[in-house]
Structure formats: structure tokens, C-alpha cells
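Single-structure report; data block below.
The values are calculated or read from the model by the stated rules, or taken from the named source; none is laboratory data. Every value quoted in this text rests on a predicted model; they were computed, and no experiment measured them. Neighbour counts are summed over all protein chains in view; Cβ atoms, including those assigned to glycine, are modelled from backbone coordinates with ideal geometry. What goes into the accessible areas is simple: the full protein's heavy atoms, side chains included, and nothing from ligands, DNA or RNA. Shrake-Rupley method; radii C 1.70, N 1.55, O 1.52, S 1.80 Å.
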Amino acid sequence: MSSTKRFSYVSMLAALAILLNLTESMFIPPIQFGIRFGIANIVALIAIDRFGLKEMFIVNLMRVLIGNLIRGTIFSSIFWISGGGVLLSSLFLVLLTRSKSSVIFKSIISSIAHSTGQVLVVMILYNQVSMLSFIPVLLITSIPTGYLTGIIAKEVLKRVKVGGKI
Amino acid sequence: MKKSEKRIITILFVIAVLAYGVFYFYRINNSQDMVQVIHHFDGKEEVILEFDANVDNIYTFDVDLGEMTIEVKDGFYRAINVDCPNHNCEKMGYVNSESVLDTIICLPNGITIEPKGQANE
């Protein structure tokens, strides 16, 4: 694949991730305590499978940067919290891709890492050690939500033929 | 999913349930009556209000983006009529020190409402 083509695919994936992120925060209400499905993670899973680690990082970074820019929350505490979540989930995605894990497993673990990362940032920003007791709740809810996004990503990957590593 | 992956997920789930249980018993054995409203700004903290969760009352105070009201009722407290864009803290509903999330956090206003010890008899 030429670098221009690759660049445009990655930009489109980034746009899709931002769109899903904004759509979810606007139209899909959180289950409880701000727990969400995290459908934008589907795009990260597709990017890592079809293109590679660098592209996944670009898609995730753009999702946080531009998503927050559109919402008007850039460089606010919300920005750092979502940044922390995305950073930890991206790191876990890298590790799991190296160990050749399945898409659903990657989805569940990155979903857990995402919510844990957010809680860690809240704990640091607001001095809230008590937030630690919320991590088990997030772990329990992240498994079904991660499984769901994993299945969607798997089905999309089966049907979409773009990409390929150079 | 591979078999080993399923095993890891199951182990994680069991650990989470156990940890939830431990935190649950810790919370119900360490209930706290006094609640502090803290304003976080520029890395500093300022207590703007302290109240007893067992005394029913309604408190209104100024925050960065306008006003915020806390309703205390039957040992529980909740945030209402908050001037902010997303109203996540209002959606948390009634909480107290035994709730899963005992701290109400309003990110846009930099406000946390958290249990802080026992009331002085």
C-alpha cells in the first residue's frame, strides 16, 4: 500500500473513532456511574489489526485530542482523564499484540486498562485514594462491555478487506 | 478466544468480585458522617463546606461556573441544580460513605464531595 493511501486510511479511521466517541457521549447514556461501552475502541482494534501499532497510537491520540477539542474540554481535567485511559489501554494493546492475542481478549483487557487508567488519573488529580474501591466495579463491568466491542471488531475485521502491513 | 485467555478473564473476574467484597465490608464497617465539599484549583484544595450527613438540609454555594446545591436526606446526600455542561454528578444520585462511589465529583467545577471522618459528639 502506498504511503498516501495508508495515510488517508488512518485519517479516516481517526475520524471514525472521533465520531463514535462523540456519538456515544451524546446519544448513548452511561450504564451507571459514567460507565460506558467504549465503542470508539472498536476502531483502535481495527487499526492495530489492519495497519499496526503506530497507526493505532495515531488513531487513539487523535481521538483524545480532536474529540476534546470539539467538545471544548481540551487541556481540562476531563482531557487528562480520557488521555490517561487511552494511554494505558494503548500500552496494553501493544503488549497483547506482541503476544498474538485474539481480538476479543485484546478488547476486554484494553477496556479494563482504559477504565483503570481513568481512575488512576482521577486519584492523582483529586487526591482520591477512595476511588481505588471503584476499580473492582469497573473490572466487572469492563468484561461484558469489552466482550461486546470485541465481537463487533471481530465481525468488522472479517468483512473489511482494507489495510495490510508493508 | 483461546482457552488460556478465557482462564485469565475468569481469574480477573474472580479477583474483582473478591476485591469488591473486601471493599464492601470495609465500607460498611467504616461509615463516616462528616462530609466535606472541596474545591480543587491550581493544584490546591480548599474546603468550602462541611456538613453532617445525618442532619437533613439543603446547602447552596458558589462554584466556578455558577451555583451548586447539595441535598442531605436520611443519611444520604446528592448534588442537584449544578451549573455545569454535563451534569454527571447529578446523575450519581444519593450516596453516602457506604456507597460504592462515596465521592461525588464535579469535574467542570473542580468540586469533590467526600466523607471525612466521624461527627464530634
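Quick check on the protein assembly as shown: what does the Kirkwood estimate of hydrodynamic radius come out to from the alpha carbon pairs, in Å? The partial results should precede the final answer.
On the way: mean 1/r = 0.0491 Å⁻¹.
The answer is 20.4 Å.
Taking all protein chains in place and a 1.4 Å probe, what share, in percent, of the accessible surface of the protein assembly as shown do carbon and sulfur account for?
Numbers: 9490 of 14860 Å².
Using a 1.4 Å probe with all protein chains present, the protein assembly as shown comes out at 64 percent carbon and sulfur.
Starting from a Cα-only point model with no solvent, please compute log10 I(q)/I(0) by Debye for chain A at q = 0.08, 0.12, 0.18 1/Å.
Log-scaled intensity ratios, in q order: -0.22, -0.50, -1.14.
Going toward the positive end of the dipole of chain B, with +1 on Lys and Arg Cβ and -1 on Asp and Glu Cβ, which of B:T10, B:G117, B:S31 do you reach last?
B:T10
Please identify every one of the trypsin sites (Lys or Arg not before Pro) in region A:66-114 that sits in a loop by DSSP and has no more than 11 other beta carbons within 10 Å of its own beta carbon. Before the final figure, lay out the partial values.
Numbers: sites: A:R71, A:R98, A:K100, A:K106; in loops: A:K100.
Those that pass, being in a loop and sparsely packed, are A:K100.
Per-residue HN-Hα couplings for region A:98-112, Karplus 6.51 cos²θ - 1.76 cosθ + 1.60 at θ = phi - 60°, whole Hz, x for Gly and Pro?
With the stated coefficients, region A:98-112 comes to 4, 8, 6, 7, 6, 4, 5, 5, 4, 5, 5, 5, 5, 5, 5 Hz.
Taking the Cα centroid of region A:63-95 and of region A:1-45, what is the distance between the two, rounded to the nearest whole Å?
Measuring centre to centre over Cα atoms gives 12 Å.
Using amide H atoms built in the peptide plane, which far-off residues or other-chain residues are under 5 Å from A:S102 H to H?
B:K2
Loop-only chymotrypsin sites (Phe, Trp or Tyr not before Pro) in region A:75-112, please: DSSP not H, G, I, E or B, and at most 12 other Cβ atoms within 10 Å. Write down the numbers at each step before the final one.
Working: sites: A:F75, A:F79, A:W80, A:F92, A:F105; in loops: A:F75.
For chymotrypsin sites (Phe, Trp or Tyr not before Pro) across region A:75-112 that sit outside H, G, I, E and B with at most 12 neighbouring Cβ atoms in 10 Å, the list reads A:F75.
If one computes the Cα centroid of region B:11-33 and of region B:60-112, what distance in Å separates the two points?
23
List for region A:115-135: residues with 50 Å² or greater reduction in accessible area, all protein chains versus chain alone, probe 1.4 Å?
With the partner chains in place, region A:115-135 has these residues losing at least 50 Å²: A:Y126, A:Q128, A:S133.
Given q = 0.18, 0.22, 0.28 Å⁻¹, what are the Debye log10 I(q)/I(0) values for region A:5-59, with equal point scatterers placed on the Cα positions and solvent ignored?
Once normalised to I(0) and log-transformed, intensities are -0.59, -0.77, -1.02.
Would you please give the FRET efficiency between B:I48 and A:I74, computed as 1/(1 + (r/R0)^6) with r the Cβ-Cβ distance and R0 = 22 Å, to the nearest 0.05? Before the final figure, lay out the partial values.
Values: r = 27 Å, r/R0 = 1.22.
The calculated FRET efficiency here is 0.25.
Counting pairs of alpha carbon atoms under 8 Å apart in space and at least six apart in sequence, what relative contact order in percent does region A:65-134 give?
Details: 56 pairs, mean separation 23.9, N = 70.
Here the relative contact order equals 34 percent.
Would you please classify the overall shape of region A:40-137 from the alpha carbon gyration tensor, given that a ≥ b ≥ c denote the square roots of the eigenvalues, rounded means a/c under 1.5, and beyond that prolate means a/b larger than b/c while oblate covers the rest?
Numbers: a/c = 2.66, a/b = 1.31, b/c = 2.03.
Cα axes put region A:40-137 in the oblate bin.
Inside 10 Å of the C-beta atoms of B:97-108, what's the mean count of C-beta atoms belonging to other chains?
Shielding by partners across B:97-108 averages 4.
Tell me the total accessible area that A and B bury against each other, 1.4 angstrom probe, in square angstrom rounded to 100. All intermediate terms of the calculation are to be shown ahead of the outcome.
Working: alone 9220 and 8000 Å², together 14860 Å².
Approximately 2400 Å², summed over both chains.
Report, for the protein assembly as shown, the % of DSSP beta bridges that are antiparallel, rounded to 5.
About 100 percent, rounded to the nearest 5.
Would you compute, from DSSP H runs of 4+ residues alone, the mean residue ellipticity of chain A at 222 nm, taking -39500 (n - 2.57) per run and dividing by the full residue count, rounded to the nearest 500? Could you put the intermediate results ahead of the total?
Numbers: 6 runs with 125 residues, N = 166.
The helix contribution divided over chain A gives -26000 deg cm²/dmol.
Accessible area per residue of chain A at 1.4 Å probe, in Å²? Don't skip to the end; give the middle numbers.
Values: 8040 Å² over 166 residues.
Per-residue value: 48 Å².
On average, how much area does the Cα convex hull of chain B cover when viewed from any direction, in nm²? Working shown, then result.
Details: hull surface 40.5 nm².
Reported value for the Cα convex hull: 10.1 nm².
With the dipole of region A:63-166 worked out from charges on the C-beta (+1 for Lys and Arg, -1 for Asp and Glu) around the Cα centre, which of A:N127, A:V94, A:S111 lies farthest toward the positive end?
Farthest along the dipole direction, towards plus: A:V94.
Under the Cβ-under-4.7 Å rule, which cysteines of chain B stay unpaired?
B:C84 - these cysteines have no disulfide-compatible partner (Cβ-Cβ under 4.7 Å) in chain B.
Compute the long axis of helix B:3-29 from its Cα atoms, compare it with the longest principal axis of the Cα atoms of chain B, and write down the angle in degrees, 0 to 90, nearest 10.
40
Excluding ligands, DNA and RNA, what is the solvent-accessible area per residue of region B:11-121 at a probe of 1.4 Å, expressed in Å²? Don't skip to the answer; put the middle values down first.
Details: 5990 Å² over 111 residues.
Accessible area per residue, region B:11-121: 54 Å².
Once every DSSP H run of n ≥ 4 in chain B is given -39500 (n - 2.57) and the sum is divided by its residues, what mean residue ellipticity at 222 nm do you get, rounded to the nearest 500 deg cm²/dmol? All intermediate terms of the calculation are to be shown ahead of the outcome.
Working: 2 runs with 31 residues, N = 121.
When only DSSP H runs of four or more count, the value is -8500 deg cm²/dmol.
For region B:32-74, max minus min Cα coordinate along each principal axis, in Å, sorted largest first?
In descending order, the Cα extents are 34, 23, 9 Å.
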